[in-house]
Amino acid sequence: MIKNRSIIIICLLASLLVLFLAFSISRKSQKLMDNFSKSPIDHKLRNEMIKKKIWNITCPITLDRLTLLRVSYIDFDGNNHDDGELVVFDVIADHVLAIFKELYDNKFPIESINLINKYNGNDELSMEQNNSSSFNCRNIPNSSIISLHSYGMAIDVNPQQNPYLITSYENKKTSVPIFPPIGMEYINRTNIRAGMVETVFENKETVIDVFKKHGFSIWGGNWNDPIDWHHFQVTREQAETMVKLPYEEAVEYFNNLVSTNN
């Protein structure tokens, strides 16, 4: 009788252990899923964006059309992070999540993914910190033309490994400033190193290909002046079309564009 009770107790303990392990695995899986999520921007974030002039009333989109993304990424030391944040236009949110999930799965290193709020909207400071980001209502540098970042439809990735170059003319002399300056080490784009967008994954795709297949058909590395290796965006025509459409119609429009290009 005692022996039978012992067997029953052992079986019960084993069953509880199995249930505990199953619950732990389920929680872990849920946590991983939550690391690639989206949500409307809350009241606190809205106020901060207004206070820091990251959004203002002249921006081409309203705050209601912006979405906060949370993504995981792997840094250059191989450490996992689950605190990456991006603000993007609501219509493209799912595709941006898919992009960063692919980069994460391919172990593509990213230094940091912080909202531009952390740098008070200062794009140069964000680049100096090698930060990857998206929404920031501003003009293209040295221009009166509004940037696609103002639509939440442009993304910058690892500015140090993928710098920005623009020709400068002063006192009858031509120079090509590099932003950030440390990006000088990565001007040779045939010498592929960690964090460069020309990195080729096992499936033969590059970071450029991943962005392109999710609708970001414009890569600043194809421009002549400026050259913006860290910059990806949709076309200006597409951006202006989407902001005029209701959400559901804009989603259908963008998904059709993505399907056509793949």
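Read-outs throughout are calculated quantities, based only on the coordinates presented, and are distinct from any laboratory measurement. Note that the structure is predicted; figures quoted are calculated from it, not measured. When we count neighbours, we look across all protein chains shown, and the Cβ atoms used for this are built from the backbone with ideal geometry, even at glycine.
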Can you list the residues, at least 5 places off or on another chain, whose amide H is less than 5 Å from the amide H of residue 206, using H built in the peptide plane? 201
If a helix is a whole DSSP H run, which ones in the chain reach 30 Å or further along their own axis (Cα) and hold a mean Kyte-Doolittle hydropathy of at least 0.0? 2-34
Positive-pole candidate from 100, 36, 262, dipole of the chain, charges at beta carbon: 36
Rounded to whole Hz and in sequence order, give me ³J(HN,Hα) for the range 118-125 from the Karplus expression 6.51 cos²θ - 1.76 cosθ + 1.60, θ = phi - 60°, writing x for Gly and Pro. 4, 10, 6, x, 7, 5, 5, 5
Phi-based couplings in Hz for the range 146-163 (Karplus 6.51, -1.76, 1.60; Gly and Pro marked x): 6, 6, 5, 5, 5, 9, x, 10, 9, 9, 9, 10, 6, x, 5, 7, 9, x
Listed residues 186, 151, 169; largest mean-square fluctuation, Gaussian network over the chain with Cα springs below 10 Å, found at 169
Give the whole-number value, in cubic angstrom per residue, of the convex hull volume spanned by the C-alpha atoms of the range 114-214. 129
Checking rank on 56-63, 222-229, with mean other Cβ inside 10 Å and highest first, the result is 222-229, 56-63
Across 38/107; 213/244; 38/204; 52/118; 52/244, pairs whose alpha-carbon gap is larger than 20 Å: 38/107; 213/244; 38/204; 52/244
For Cα pairs less than 8 Å apart in space and 6+ apart in sequence, what is the mean separation divided by the residue count of the range 185-232, i.e. the relative contact order in percent? 22
Length-normalised contact order for the chain - Cα pairs under 8 Å, 6+ apart - percent: 15
Which aspartates and glutamates does residue 53 reach when only Cα atoms under 15 Å apart count, and residues fewer than 8 places away in its own chain are ignored? 123
Quick one: Cα centre-to-centre distance for the range 228-244 and the range 115-159, in angstrom? 14
For the chain, calculated [θ]222 nm from helices alone, where every DSSP H run of n ≥ 4 adds -39500 (n - 2.57): -11000 deg cm²/dmol
